[in-house]
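The values are calculated or read from the model by the stated rules, or taken from the named source; none is laboratory data. Please read these numbers as outputs of a predicted model, since none were measured by experiment. Positions of Cβ are backbone-derived with ideal geometry, glycine not excepted, and every protein chain shown enters the neighbour counts.
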Amino acid sequence: MSEAKTTVDMDTIASLCKRRGFIFQSSEIYGGVSGSWDYGPFGVELKRNIKNVWWRDNVQRRDDIIGLDAGILMHSRVWEASGHIEGFTDPLVDCKNCKKRFRADHVVDGRCPECGGELTEPRMFNLMLKTFLGPVEDEASLTYLRPETAQGMFVNFANVVDVSRKKLPFGIAQIGKAFRNEITPRNFTFRTREFEQMEIEYFVKPGTDEEWHERWVEERFEWYIQYGMRREYLRLRQHEGEELAHYAKATYDIEYLFPFGWAELEGISNRTDFDLRQHTLHSGREFTCFDEDTEEHIVPYIIEPSGGVDRAALAFLADAYHEEKVRKRKRVVLRFHPDLAPIKVAVFPLLRNRPELVALAKEIASDLRPHMMTMYDDTASIGRLYRRQDEIGTPFCITVDVETLEDNAVTIRDRDSMEQMRVPVPEVKDTLLEKLGRG
Ligand code: GAP
């Protein structure tokens, strides 16, 4: 990893996430479990928003990509065919002194990173999480929690072609959970044992694969910028030599400058015809498309943009984080793109002991709820309420004050500029929708 640094550190992000209800440690009351995290009220909204814009941009707005939602549990032979039983491994070393276990490629000087003890020779460790289907725990019932969503799209290739009548090039998209028994889960939600992927398998004519690969790399890179990520915090890195996965001819990682350094956000691979041919070999089924130019049945090549929802959420959180001085006080604000912000608008009464202000604020909030994620709050002073919303990245706050009772207008405050404008109550909804880019 590079020495480059962002202005915010990981502890600050993790503590904001806990304090404000984005992300909690899994099973915290029992001491926590490593590599699994729970998304709180605002984290779940952020994640849903990321998945929604991804689906909207890649499935809803395109004619050439269709969706799928395959099971997490699959036949164990899928993982034989895919090469994961054989090849989805990390080299591990054990410390002969403290007995701790490390990834061999994470050890710098050949000694134990914890106690400096002598290490064993590396042994290969499979990253798939095992489980058993049915009441008997034997070889026949053994299977794995999927380590990538991709295989569900390959094994359904013929079904999807049959029902959709799609011609090359076309894609299948899927969002879902994946599991890996990572040896060293680390950096908050960056490397976990349970995570979500957003994957596209894009099927193309062999010979056009390299051109499509380039197009997808560019398109996916720009996607993150479109939703507000700083261009200078993103870079591309090509995999070299042994780093290439067993199925890939070429892979580019989109890397983000996380608070702990540059690291992978999304990988875009040229998987060639490896997977479809492997499944033909193991299942006896044909996975071909009819090529009208050559009038032949061909096995397509696959370009695969594969991103993690949790990593995207972490990167969007870190990127949105800003600290500034306002009237000599620190203001923390998450400058989320409006499509990603968990809450779009918060409504407050200026005085919570004035029932008519409270009633009106509640009424405005309930009128807005069908149109956008809205929050009503009267549990603190107005300054505190603004600060809370800044910290969860709410683009707009509405205050109902005493004047509202006279002029039927409210104050809308902009998160980023902190400017306030007076808007008549009947115009509030349309004003907000327009400002949120949904007008
Ligand atoms: N189907 C291809 C594939 O799974 P990958 O590079 O191993 O490729 C794709 O994973 C993406 O999934 C990564 O770019 C990352 O965003 C996410 N991902 C992978 N392992 C992860 C982990 N242990 N924790 C969180 N996200 C992970």
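Listed values, structure above:
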read-out: Index of the failed condition, Arg235 passing every other in (1) closer than 30 Å to Ser27 by Cβ; (2) more than 13 Å from the ligand (Cβ to nearest atom); value: (1)
read-out: Single residue of region 179-195 satisfying the filter (of a type in the set (Phe, Trp, Tyr) and under 29 Å from Ala158 (Cβ atoms)) that is farthest from the ligand (Cβ to nearest atom); value: Phe179
read-out: Verdict on Asp319 being in a helix (DSSP H, G or I), over 30 Å from Arg387 (Cβ atoms) and either touching a residue at least 12 places away in the same chain (Cβ under 8 Å) or away from the ligand (no atom under 16 Å from the Cβ) (or both); value: no
read-out: Unmet requirement for Glu211, which otherwise passes all of (1) within 13 Å of the ligand (Cβ to nearest atom); (2) surrounded by fewer than 16 Cβ atoms within 10 Å (Cβ to Cβ); (3) in a helix (DSSP H, G or I); value: (1)
read-out: The lone exception for Met198 - which of (1) buried (at least 21 other Cβ atoms within 10 Å of the Cβ); (2) away from the ligand (no atom under 14 Å from the Cβ); (3) closer than 16 Å to Asn58 by Cα it fails; value: (2)
read-out: Residue among Ile254, Ile225 that is β-branched (Val, Ile, Thr), within 15 Å of the ligand (Cβ to nearest atom) and modelled with pLDDT of 95 or more; value: Ile254
read-out: Test: residue in region 142-156 that is free of Cβ contacts under 8 Å to residues at least 40 places away in the same chain and surrounded by fewer than 17 Cβ atoms within 10 Å (Cβ to Cβ); value: no
read-out: Filter result for Ile13 (touching a residue at least 60 places away in the same chain (Cβ under 8 Å), among the aliphatic types (A, V, I, L, M) and in contact with a Lys or Arg (Cβ under 6 Å, 6 or more places away or on another chain)); value: no
read-out: Hits in region 215-227 - residues which are farther than 25 Å from Val160 by Cα and surrounded by fewer than 16 Cβ atoms within 10 Å (Cβ to Cβ); value: Glu218, Glu222, Ile225, Gln226
read-out: First in region 181-209 and over 25 Å from Asp105 (Cα atoms), second anywhere and more than 12 Å from the ligand (Cβ to nearest atom) and small (Gly, Ala, Ser), Cβ under 6 Å, 6 or more apart; value: Ile200/Gly171; Ile200/Ala173; Tyr202/Gly171
read-out: Strands (runs of 3 or more DSSP E) lying entirely in region 323-439 (those with 3 or more residues that are hydrophobic (A, V, I, L, M, F, W, C) and in contact (Cβ under 8 Å) with a residue 24 or more places away in the chain); value: 329-334, 345-349, 396-400
read-out: Region 123-139 - residue that is touching a residue at least 24 places away in the same chain (Cβ under 8 Å) and not in a loop (DSSP other than H, G, I, E, B) and, of those, nearest to His84 (Cα to Cα); value: Asn126
